[in-house]
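Before any comments, here is the structure.
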Amino acid sequence: MTDSRARAGCPAYLVHGEDAGLVFQEAGALVDDLTELLGESNAVVEDYGDPGREESLDIGAVLNACRTPPFLAGCRIVVVRDVVGLDSASQKELAAYLADPLDTSVLVLVAAGRAPAALVRAVSAAGTVIAAEPAGNARARAQWIAEHVRSSPVNLDSAANTLLGEHLGEDLARLEGILGALAAAYGTGSRIGAAELTPFLGEEGGVAPYDLTDAIDEGDMSGAIRALHRLTAAGERHPLQVLGALHRHYGAMLRLDGAEVNNEAAAAAATGLSPYPARKVLAQSRRLGHDKVARAVTLLADADLDVRGRTGWEPGLVLEVLVARLAQLSRISAGAAGARPRRR
């Protein structure tokens, strides 16, 4: 549903991402856009490598289709729906074709998982690479949702946009269905507010670990507990996975504690994080100070033992107590500093 997905004269596309639902939605929308751009009567679509079928992909048949002018049509759209597992020989054959593609063919490669590097390079040089999901931060996720809403058949006001993003969390594959249901219920072009949107939302989706750590860093205890529940329920993350995310977060602060690091580039080098998260961790490390960072690490170590059965508490209860205590540490520090850190 993103704007300007299909482009005239582009011989190849690669749609990729880790979320299979989003990848196949984006690929389907791309084919629809291409068909509309080229004209329904002027395009023929051929599918290969359906992930739902057991037979292996015949790369020879794919290349034969790409190199054959369409019959009674102006363009042939060749869709390959599973290129993640292609062997190196097949990748080389596709790359060789993309070096000199037929001008009456459009090749659409779909990768639900890690796309082969050779194909990413080949399509980047010849055509267009499309990421089906946003980068792993709240800002990119909000922008991704906003772009899809803008190109949808309905118009959401700011309150509805905010509610939709918060409710979906990481469960972005549900977005298209919700927007389609709104269009069916209220009509194309309708203005949708939060009240009209709410009945169509269903259960809350999972969230990313940074939603939890952001809430903790703000000292937002109720928000942190809510993020924890969404991580372990809708997000289906095991308690040890949640602990792992918290260990990484506070471990990065511990590496910065006492270090002569004063900017995000140096923080990124010291922690192995990308610059923006490194800047946030650096700011929180300085805000907490040595004693509270050390206290947080101790709380994490105790919770790790408790989740593994030391006290007999349910793992969910252990995590709730841990998250509340970590948020309380941040709340005290924020109060002492006179301000709370801003969320992304």
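The table for this structure:
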{"item": "Option label - Rg and Dmax of the Cα atoms in Å computed here, alternatives (i) 21.7, 75; (ii) 24.2, 75; (iii) 19.9, 61", "result": "(ii)"}
{"item": "Distance from segment 81-130 to segment 148-207 (C-alpha centre basis), Å", "result": "34"}
{"item": "In segment 293-326, the trypsin sites (Lys or Arg not before Pro) that fall in loop regions by DSSP, at most 16 other Cβ within 10 Å", "result": "308, 310"}
{"item": "Cleavage-rule hits (chymotrypsin sites (Phe, Trp or Tyr not before Pro)) in segment 41-129: DSSP loop, at most 13 neighbouring Cβ within 10 angstrom", "result": "71"}
{"item": "GNM top mover of 40, 133, 218 - the chain, alpha-carbon springs below 10 Å", "result": "40"}
{"item": "Mean Cβ neighbour count within 10 Å, used as a protection proxy, ranking 240-248, 311-319 highest first", "result": "240-248, 311-319"}
{"item": "For segment 261-276, Karplus couplings with θ = phi - 60° (6.51, -1.76, 1.60), whole Hz, Gly/Pro x", "result": "10, 10, 8, 5, 5, 5, 5, 5, 5, 6, 9, x, 8, 6, x, 5"}
{"item": "Acute angle (nearest 10 degrees) that the helix 117-126 long axis makes with the longest principal axis of the chain, alpha-carbon atoms", "result": "60"}
{"item": "Listed residues 68, 162, 271, most fluctuating in the chain (Gaussian network, C-alpha, under 10 Å)", "result": "68"}
{"item": "Per-pair calculated FRET efficiency, R0 = 56 Å: residue 198 and residue 64 via Cβ, rounded to 0.05", "result": "0.60"}
{"item": "Interchain or long-range residues, amide H under 5 Å from residue 13's placed H", "result": "107, 108, 109, 128"}
{"item": "Normalised contact order of the chain, rounded percent, pairs of Cα under 8 Å and 6 or more residues apart", "result": "15"}
{"item": "Helix axis angle, 20-38 relative to the chain longest principal axis, alpha carbon, degrees", "result": "40"}
{"item": "Student exercise, the chain dipole from Lys, Arg, Asp, Glu Cβ charges, in Debye to nearest 20", "result": "1520"}
{"item": "Dipole of segment 79-228, positive direction: furthest Cα of 116, 144, 209, with charges on the beta-carbon", "result": "116"}
{"item": "Relative contact order of segment 12-131, pairs being alpha-carbon contacts under 8 Å that are 6 or more residues apart, as %", "result": "42"}
{"item": "Computed label-point distance, nm, for sites residue 311 and residue 47 using a 7 Å Cα→Cβ extension", "result": "5.2"}
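Bear in mind these aren't lab numbers, they're just calculated from the coordinates by the rules spelled out. In this text, all values refer to a predicted model and were calculated from it rather than measured experimentally. In this analysis, Cβ positions are derived from the backbone assuming ideal geometry, glycine residues included, and neighbour counts consider all displayed protein chains.
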